[in-house]
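Engineer: Would you mind keeping the following structure in view while I ask a few things?
The values are calculated or read from the model by the stated rules, or taken from the named source; none is laboratory data. Treat the numbers as computed from the prediction; the structure is a model and nothing was measured. Here the Cβ positions follow ideal geometry from the backbone for every residue, glycine too, while neighbour counts run over all protein chains shown.
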Amino acid sequence: MDIHALQEIVHKTRDERRKQTLPKYSPAERDTLIKKYHPDHRENAYRPIRFGPNAGELTVRELAALLEGESPVPPDLDLTPAHSVDVLVVGGGGAGSAAALHAHAQGAKVLLGDSNTVMAQGGIQVAITKEDSPIQHFLDTLKGGHMKNDHQLLKVMVEEGPAVAQWLLGLGVLFDRDSDGNLHVKKGGGSSKPRLLTCSDYTGLEIMRVLKDEVLNQKIQLLEFCAVVELLSGNDGACTGVVLQDLDNKRFVVVAAKTVILATGGIGRLHIQGFPTSNHYGATGDGLALAYRIGAKLLQVDTFQYHPSGAVYPEQLIGALVTEGIRSEGGHLVNARGERFVNELDTRDVVSSSIIRECEEGRGIRTMSGRVGVWLDTPLLEVEQGPGTVEKHFPAMVRQYKRFGIDIAKDPVLIYPTLHYQNGGVQIDVHGESLVKHLFVAGEASGGLHGRNRLMGNSLLDLMVYGKRAGTTAAARAKSIPQGTLTLEHVARFRAESRKHGVSDGIASPMLFPAYAKKE
Ligand code: MEZ
């Protein structure tokens, strides 16, 4: 059936649905739902990692293969450095830019590239109102993460949130304000209080506009169009630098660095279990693979976030994020019978599981190409808050769909969970340092903070807080240590382990880009 004919049920049932209040599930119901439908619980998607710091632990097959993958660097590479720096920041998104700015006084060289941060739409969580507190923020995040969050990392993040907001405002980020000029806060899924600072639905883009400007203003040295393909280790096993690959001429470039900060983001482009993703093309888990090979421990690599609302139609947008902000403002999720089926502001793992349940039990809507999803009633916002609301509050989303002739103020959109975020990552301490000396990790590549399910808006805050901490600590450390020797000894050890475990099908790791995006 034509998509417009299928949409009719949403328009027809709107008035009835507006009278309903849907209760949240009880803890027991949530658990049952998640175990039955959440992709984290599909047993055949997992296998044990064969060797390395997490040997024997289960992770998804795609990540296990990446972690056990083959370094592209030849064993006899000439390790004479082309550059020598105090702090090398790998990754030019939010965490990398924040780290570089805070380490700037020590002369950091930054690799600036594409990132997920620019794609973050719905806001940054900070407890700044009189009714709210960092403690409340702590408790909401802990509950959302199924109590599996690292308490120390979380305490630091919520407590430093207000100072981060102040820093961003000082740099010129234009957060939304109310008619009196006060900062406007919105409520996200799983949060007990409104605490999201937003810039319409392009919060990450606005933050990156300002951070990138500041990186340029501060004349921080950039190495563009180069990707890190290996880390270097000293005789004591500490991290002492990196090998880059120039993406233009494919040549290797060696950088000696007293400290290295990995801010390489997530893994959406591994398309775990065949899921589409909201992530940019560079999100291939490079930081995880590099850190693992040099000996860093990973945490919670068996849990991933499938954002409830990824686009299902049109085909060109598959997996693209449809911000949670729309549900925060009251958008209903609606099945093929025109029914609501979950409290839209429950945590993401619960909402995604319930969408998958509706689709698996035959209450989803099938497109002509055979994809399935449920409706997000976007026109409801116009009915509730007046004409023009959707365009005013979600201009980026309006444009995303308008390119394909879809007016989301008039018609609902079809959505299904999309691979959005890795809940775990490299284990770090409160200064962002991994278990490998002088190797720091910030942002999505790090793990522990969010437990088994991250709350909306906590990622942007994580980037800023731990970008700052990693940058500051790495810069201070660099003052007190000499440059270590540059070796590939850990790579040789890793290759020997790989042979011992019979890994014959080692994929190239890091991947840098998914195979379908590579242009030879
Ligand atoms: O933190 C996020 O993942 C976020 C704000 C996403 C969104 O739905 O906008």
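Engineer: Do you know which residues across region 436-449 are within 15 Å of the ligand (Cβ to nearest atom) and either under 17 Å from Gly268 (Cα atoms) or touching a strand residue (DSSP E or B) at 6+ places or on another chain (Cβ under 8 Å) (or both)?
Structural biologist: Gly443, Glu444
Engineer: Being in contact (Cβ under 8 Å) with a residue 24 or more places away in the chain and β-branched (Val, Ile, Thr) is the filter; apply it to region 390-418 and report the residue that is farthest from the ligand (Cβ to nearest atom).
Structural biologist: Ile406
Engineer: Just the residues that are among the polar types (S, T, N, Q), crowded, with 19+ Cβ neighbours inside 10 Å and more than 11 Å from the ligand (Cβ to nearest atom), please, taken from region 328-347.
Structural biologist: Across region 328-347, the qualifying residues are Asn335, Thr347.
Engineer: Could you tell me which residue of region 284-312 is surrounded by the most Cβ atoms within 10 Å (Cβ to Cβ), considering only residues that are touching a His at 6+ places or on another chain (Cβ under 9 Å) and of a type in the set (A, V, I, L, M, F, W, C)?
Structural biologist: Phe304
Engineer: Take Gly325 and decide whether it is closer than 23 Å to Gly268 by Cα, crowded, with 17+ Cβ neighbours inside 10 Å and out of contact with any Pro (no Cβ under 6 Å at 6 or more places or on another chain).
Structural biologist: Spelling it out, Gly325 is indeed closer than 23 Å to Gly268 by Cα, crowded, with 17+ Cβ neighbours inside 10 Å and out of contact with any Pro (no Cβ under 6 Å at 6 or more places or on another chain).
Engineer: Could you please tell me which pairs satisfy a Cβ distance under 8 Å, a separation of 6+ or placement on different chains, a first residue in region 454-473 that is closer than 24 Å to Lys143 by Cβ, and a second residue that is near the ligand (Cβ under 10 Å from one of its atoms) and of a type in the set (Ser, Thr, Tyr)?
Structural biologist: The qualifying pairs are Arg454/Tyr421; Met456/Ser328; Ser459/Tyr421; Leu460/Thr203.
Engineer: Kindly establish whether Tyr421 is crowded, with 16+ Cβ neighbours inside 10 Å and either of a type in the set (Phe, Trp, Tyr) or without any contact (Cβ under 8 Å) to a residue 40 or more places away in the chain (or both).
Structural biologist: For Tyr421, the condition - crowded, with 16+ Cβ neighbours inside 10 Å and either of a type in the set (Phe, Trp, Tyr) or without any contact (Cβ under 8 Å) to a residue 40 or more places away in the chain (or both) - is met.
Engineer: Using beta carbons and a limit of 6 Å, which pairs, at least six apart or on different chains, have the first residue in region 279-290 and modelled with pLDDT under 95 and the second one of a type in the set (A, V, I, L, M, F, W, C) and not in a loop (DSSP other than H, G, I, E, B)?
Structural biologist: From residues that are modelled with pLDDT under 95, the pairs are Tyr281/Ala517.
Engineer: If you don't mind, another one. Looking only at region 197-249, which residues are among the small types (Gly, Ala, Ser) and within 16 Å of the ligand (Cβ to nearest atom)?
Structural biologist: Ser200, Gly204
Engineer: Continuing with this model, one more query. For the subset of region 429-471 comprising residues that are under 14 Å from Glu160 (Cα atoms) and surrounded by fewer than 24 Cβ atoms within 10 Å (Cβ to Cβ), which member is nearest to the chain's Cα centre (by Cα)?
Structural biologist: Step by step, filter region 429-471, then rank; the result is Lys468.
Engineer: Taking only pairs six or more apart or across chains, which ones have beta-carbon atoms under 6 Å, a first residue in region 71-87 that is over 13 Å from Gly241 (Cβ atoms), and a second residue that is modelled with pLDDT of 95 or more?
Structural biologist: Ser71/Glu230; Ser71/Val491; Pro72/Val229
Engineer: Does Ala165 count as free of Cβ contacts under 8 Å to residues at least 60 places away in the same chain, within 16 Å of the ligand (Cβ to nearest atom), out of contact with any Lys or Arg (no Cβ under 6 Å at 6 or more places or on another chain) and of a type in the set (Gly, Ala, Ser)?
Structural biologist: Answer is yes for this residue.
Engineer: Is there any pair with a first residue in region 121-132 that is among the basic types (Lys, Arg) and a second that is within 8 Å of the ligand (Cβ to nearest atom) whose Cβ atoms are under 6 Å apart and which are 6 or more apart or on different chains, and what are they?
Structural biologist: Matching pairs, first to second residue: none at all.
Engineer: A further question follows. Run down Gly56, Gly52 and say which single residue is outside any helix (DSSP H, G or I), touching a strand residue (DSSP E or B) at 6+ places or on another chain (Cβ under 6 Å) and farther than 18 Å from Asn343 by Cβ.
Structural biologist: Gly56
Engineer: State which residue is nearest to the ligand (Cβ to nearest atom) when the search covers only region 296-317 and only residues that are within 16 Å of Trp375 (Cβ to Cβ) and either of a type outside the set (A, V, I, L, M) or assigned to a loop (DSSP other than H, G, I, E, B) (or both).
Structural biologist: The initial filter retains those residues of region 296-317 that are within 16 Å of Trp375 (Cβ to Cβ), namely 308-314, 317.
So of that shortlist, the ones also either of a type outside the set (A, V, I, L, M) or assigned to a loop (DSSP other than H, G, I, E, B) (or both) come out as 308-310, 312-314.
Details: Pro308: 9, Ser309: 7, Gly310: 10, Val312: 16, Tyr313: 18, Pro314: 20 Å.
Restricting to residues being within 16 Å of Trp375 (Cβ to Cβ) and either of a type outside the set (A, V, I, L, M) or assigned to a loop (DSSP other than H, G, I, E, B) (or both), the top hit is Ser309.
Engineer: Regarding region 356-372, can at least one residue be identified that is within 16 Å of the ligand (Cβ to nearest atom) and among the β-branched types (Val, Ile, Thr)?
Structural biologist: No: zero hits.
Engineer: Another question, then. Specify the residue that is surrounded by the fewest Cβ atoms within 10 Å (Cβ to Cβ); the eligible residues are those in region 17-29 that are part of a helix (DSSP H, G or I) and without any contact (Cβ under 8 Å) to a residue 60 or more places away in the chain.
Structural biologist: Ala28
Engineer: Then there's this: Which of the residues spanning region 234-254 are in contact with a strand residue (DSSP E or B) (Cβ under 6 Å, 6 or more places away or on another chain) and within 17 Å of Arg293 (Cβ to Cβ)?
Structural biologist: If the condition is that a residue be in contact with a strand residue (DSSP E or B) (Cβ under 6 Å, 6 or more places away or on another chain) and within 17 Å of Arg293 (Cβ to Cβ), then Gly234, Cys239, Thr240, Gly241, Val242, Val243, Leu244, Gln245, Phe252, Val254 are the ones that fit.
Engineer: State yes or no: is Lys479 of a type in the set (D, E, K, R), crowded, with 21+ Cβ neighbours inside 10 Å and more than 16 Å from the ligand (Cβ to nearest atom)?
Structural biologist: Considered against the rule, which asks whether it is of a type in the set (D, E, K, R), crowded, with 21+ Cβ neighbours inside 10 Å and more than 16 Å from the ligand (Cβ to nearest atom), Lys479 comes out as no.
Engineer: Okay, next question. Let me confirm something: among Phe175, Phe138, which residue is within 20 Å of the chain's Cα centre (by Cα), modelled with pLDDT of 95 or more, among the hydrophobic types (A, V, I, L, M, F, W, C) and surrounded by 15 or more Cβ atoms within 10 Å (Cβ to Cβ)? Let's see the steps before the verdict.
Structural biologist: On the way: Phe175 fails: within 20 Å of the chain's Cα centre (by Cα).
Going through Phe175, Phe138 in turn, the sole match is Phe138.
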